[in-house]
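One structure is given here, and the rest of the page talks about it.
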Amino acid sequence: MASVTISDLRKSFGTVEVLHGVSIDIEDGEFAVLVGPSGCGKSTLLRMLAGLEHVTSGEIRIGSEVVNELPPKDRDIAMVFQNYALYPHMTVAENMAFSLSLKGAPKAEIAEKVRPAAEILGLAKLLDRYPRQLSGGQRQRVAMGRAIVRDPQVFLFDEPLSNLDAKLRVSMRTEIKNLHQRLSTTTVYVTHDQIEAMTMADKIVVMHDGRVEQIGAPLELYDRPANLFVAGFIGSPAMNLLPGRVDGGRFVGDGGVSLPLPPPAPGASAGAGMIYGLRPESMSLGGDIPFRVEVVEPTGSETHVMGSVGGVPVVGVFRERIAARPGEEIHVGIDVGATHLFDAGSGMRLSA
Amino acid sequence: MARARRGGPLVWLTESRNGLGLIFMLPAAVFLICFLTYPLGLGVWLAFTDTKIGRAGIFIGLENFTWLSEDRVFWLSVFNTFFYTLIASVLKFALGLWLALILNENLPFKNFFRAVILLPWVVPTVLSALAFWWIFDSQFSIISWVLMKWGMIDAPINFLGEPWNARFSVIAANVWRGIPFVAISLLAGLQTIPQSLNEAAALDGATSWQRFRRITLPLLTPIIAVVMTFSVLFTFTDFQLIYVLTRGGPVNATHLMATLSFQRAIPGGQLGEGAAIAVAMIPFLLAAILFSFFGLQRRRWQQGGGD
Ligand SMILES: Nc1ncnc2c1ncn2[C@@H]1O[C@H](COP(=O)(O)OP(=O)(O)OP(=O)(O)O)[C@@H](O)[C@H]1O
Ligand SMILES: [Mg+2]
């Protein structure tokens, strides 16, 4: 096991720079999740960690060793590919044993390592099958098994669950998390699904267009998003963002609605050109803010209400069952501690 | 169908499923019979007669074959054919695979090189044979000339005049001509192997030789089997190159079964005997086809559903 330190990492394909100086510290045994929209450079970063892409500039350390020029086979890293990359001509057992047999490990030792890994993953009955004869979820587990058997310094996962159906995805999520708790191997996990990121990570790295937007624990990102991008990306349904200005100790929306201000960050200057961030789930029924209802979606446990506040489209999530009809107006209250203020120009957070 | 029958054979032919099928198959069947089965059948028939050019023969049973079995030249041509096929195929396979591997890497001007590789194949055989004829000329050979310039030999090499020189020379020409087919086909095969398998193997700690041995080669075997079957069949039945380069000489040292068959049948006039030599090739060709049939069967890992 080892820590992973990435400092000012850049990557260009030809003349196009796709990573613009990325710095991330991942501690020994940590489960770090890279999350961001499609094309932001997550896979590229992961492949550079694995040694499959050349480093344009910057530095990657595994433990204390700089590995920039180290070929993949010497990095002691196991990667689970998005398409699993199972060797089609080998059985499940052979796939899992491949790295050991390359080293010329004796049969007994191979069996000793493959068996427990197969048991953990529920593959014991499938050891003689070929990848073609497996379902998607089973293949996914074989790919993980191949990584576990290696007992590497670092695990890399590139969107391993994106090919699975919703239910299997949830259960595999738990399995991976369990596995990490059992093995506590440093793990870097790529996904574009923020729920996956929130539920699995010790540390989330939010990326956007080849830059790191924010690094932090899941709830830290949820409670204190550093900028508008993170605010909009983390949380589901997404945070409501209302443009407006600060006037007389209140936030005044462009549509005229007046909202209570969160405590400002020290030294932040508030004035015109602000964005007010309001999480759907931090609203409650029975306040003084008028909310015009357009669509009501009961999910059973809660009710999603789409509508508008001061002319701006807003989504609210309420515990109560709401019987409001479209076009009606309800009144909502806001948990001021859970609101956010951003600068509209720079997108940076202004509230504490 | 019973109802259609009642309307007479014409109605049955045009309206029932089987009747229509028959009609649609007819052109292909006629084509196959006229251009494939008839010549093949005629050839086999001739092999059992004593037909000569200008004289219809009579059936003589296995006499041609008995005669051949005591014919030293025939057995020499059998040896030559096997030697030629074996050496040329092994060389074509090794060099073709090597070229395919190189072309599969990301090199500059990749497409240019891929096009160049195809050249020997698109040139008409006779033309390339003539070029080799020059290259192997006993007086003006460029190879001899270069080697003499470098002081490695004193006199020009007699490429096509010495039995073993001639055998290796025609093999060299055949290999040159056959490599593109092997290389391009194997290259196509290599490109069907997902890059991520090689990357996964590299992460699993495989050296590049181990990746080749344990990933690339096993995944390529189905294509190797197809390509080499074709290559062996083409080489075994080769005619043009030999005929232009040596006409089977010197003293029959490069006669293949195909060239000997032609030699005996057309210039020699012994149609029956020539046909018998050609027919003698059939068991070997069938063996090669059977071998590839079993080699080509889907391996266990290729079976079953999935993407
Ligand atoms: N080999 C390449 N050559 C040129 N550009 C590339 C190459 N690989 C990736 N890119 C570019 O780099 C950027 C980042 O790609 P990357 O695959 O890392 O995205 P990603 O974050 O993994 O996205 P996704 O979530 O869709 O997998 C993209 O804009 C992509 O077009
Ligand atoms: Mg990706």
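The residue that is farthest from the other protein chains (Cβ to nearest Cβ), counting only those in the stretch A:58-100 that are of a type in the set (Gly, Ala, Ser) and crowded, with 17+ Cβ neighbours inside 10 Å, is A:GLY58.
Let's see how each residue does on (1) part of a strand (DSSP E or B); (2) surrounded by 14 or more Cβ atoms within 10 Å (Cβ to Cβ):
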position	(1), (2)
A:GLY244	yes, yes
A:VAL252	yes, yes
A:GLY255	no, no
A:LEU259	yes, yes
A:GLY271	no, no
A:VAL295	yes, no
A:GLY300	no, no
A:GLU320	no, no
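Only one of the listed residues (A:SER38, A:SER12, A:SER23) is away from chain B (no Cβ under 14 Å), more than 11 Å from ligand 2 (Cβ to nearest atom) and over 23 Å from A:LEU219 (Cβ atoms). That residue is A:SER12.
Here's the yes/no breakdown for (1) free of Cβ contacts under 8 Å to residues at least 12 places away in the same chain; (2) buried (at least 17 other Cβ atoms within 10 Å of the Cβ); (3) not hydroxyl-bearing (Ser, Thr, Tyr):
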site	(1), (2), (3)
B:MET152	yes, no, yes
B:GLU162	no, no, yes
B:ILE179	no, yes, yes
B:LEU186	no, yes, yes
B:ALA201	no, yes, yes
B:ARG214	no, yes, yes
B:PHE234	no, yes, yes
B:PRO250	no, no, yes
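The residue pairs whose first member lies in the stretch A:38-63 and is within 24 Å of A:HIS192 (Cβ to Cβ), whose second member is away from ligand 2 (no atom under 13 Å from the Cβ) and of a type in the set (Val, Ile, Thr), and whose beta carbons are closer than 6 Å, counting only pairs six or more residues apart or on different chains, are A:MET48/A:VAL55; A:ALA50/A:ILE77; A:ILE60/A:ILE6; A:ILE60/A:VAL67. Figure legend. Inter-residue proximity from the stretch A:157-173: first residues in a helix (DSSP H, G or I), second residues buried (at least 18 other Cβ atoms within 10 Å of the Cβ) and among the polar types (S, T, N, Q), beta-carbon distance below 8 Å, spacing 6+ or different chains. Indicated pairs: A:MET172/A:GLN140. Checking the structure you have, find out if any residue of the stretch A:127-139 is more than 16 Å from ligand 1 (Cβ to nearest atom), polar (S, T, N, Q), assigned to a helix (DSSP H, G or I) and under 19 Å from the mean Cα position of the chain (by Cα). No: the stretch A:127-139 contains no residue that is more than 16 Å from ligand 1 (Cβ to nearest atom), polar (S, T, N, Q), assigned to a helix (DSSP H, G or I) and under 19 Å from the mean Cα position of the chain (by Cα). Confirm whether B:GLN191 is over 30 Å from B:PHE136 (Cβ atoms) and surrounded by fewer than 17 Cβ atoms within 10 Å (Cβ to Cβ). Yes, satisfied. None of B:VAL11, B:VAL44, B:VAL30 is touching a residue at least 40 places away in the same chain (Cβ under 8 Å), over 30 Å from B:TRP209 (Cβ atoms) and part of a helix (DSSP H, G or I) except B:VAL44. The set of residues in the stretch B:183-226 that are in a helix (DSSP H, G or I), under 25 Å from A:LEU156 (Cβ atoms) and at the interface with another protein chain (Cβ under 7 Å from one of its Cβ atoms) comprises B:SER196, B:LEU197, B:GLU199, B:ALA200, B:ALA202, B:LEU203, B:GLN210, B:ILE215, B:LEU219.
Taking the listed residues B:PHE140, B:PHE109, B:PHE136, B:PHE132, the one that is surrounded by 14 or more Cβ atoms within 10 Å (Cβ to Cβ) and over 22 Å from the mean Cα position of the chain (by Cα) is B:PHE136, with no other qualifying.
Select, from A:GLY51, A:GLY122, A:GLY104, the only residue that is away from ligand 2 (no atom under 16 Å from the Cβ), farther than 14 Å from B:ALA206 by Cα and not hydrophobic (A, V, I, L, M, F, W, C).
Only one candidate passes the filter, namely A:GLY122.
Being surrounded by 14 or more Cβ atoms within 10 Å (Cβ to Cβ) and either away from ligand 1 (no atom under 15 Å from the Cβ) or on the phi > 0 side of the Ramachandran plot (or both) holds for only one residue in A:GLY39, A:GLY51, and it is A:GLY51.
Residue-wise test of (1) surrounded by 14 or more Cβ atoms within 10 Å (Cβ to Cβ); (2) assigned by TED's automatic domain parsing to the domain that holds B:ASN165; (3) within 30 Å of B:PRO267 (Cα to Cα); (4) in contact with a helix residue (DSSP H, G or I) (Cβ under 8 Å, 6 or more places away or on another chain).
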site	(1), (2), (3), (4)
B:ARG17	no, no, no, no
B:LEU22	no, no, no, yes
B:ILE33	no, no, yes, no
B:LEU46	yes, no, yes, yes
B:ILE53	no, no, yes, yes
B:ILE60	yes, no, yes, yes
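The set of residues from the stretch B:62-97 being loosely packed, with under 12 Cβ neighbours inside 10 Å and outside any helix (DSSP H, G or I) comprises just one member, B:GLU70. Filtering B:LEU256, B:LEU219 for residues that are over 30 Å from B:SER69 (Cα atoms), in the same structural domain as B:THR125 (by TED's automatic domain parsing) and of a type in the set (A, V, I, L, M, F, W, C) leaves a single hit, B:LEU219.
The values are calculated or read from the model by the stated rules, or taken from the named source; none is laboratory data. This is a predicted model, so every value here is computed, not measured. With ideal geometry, Cβ positions are generated from the backbone for all residues, glycine too; neighbour counts draw on all protein chains shown.
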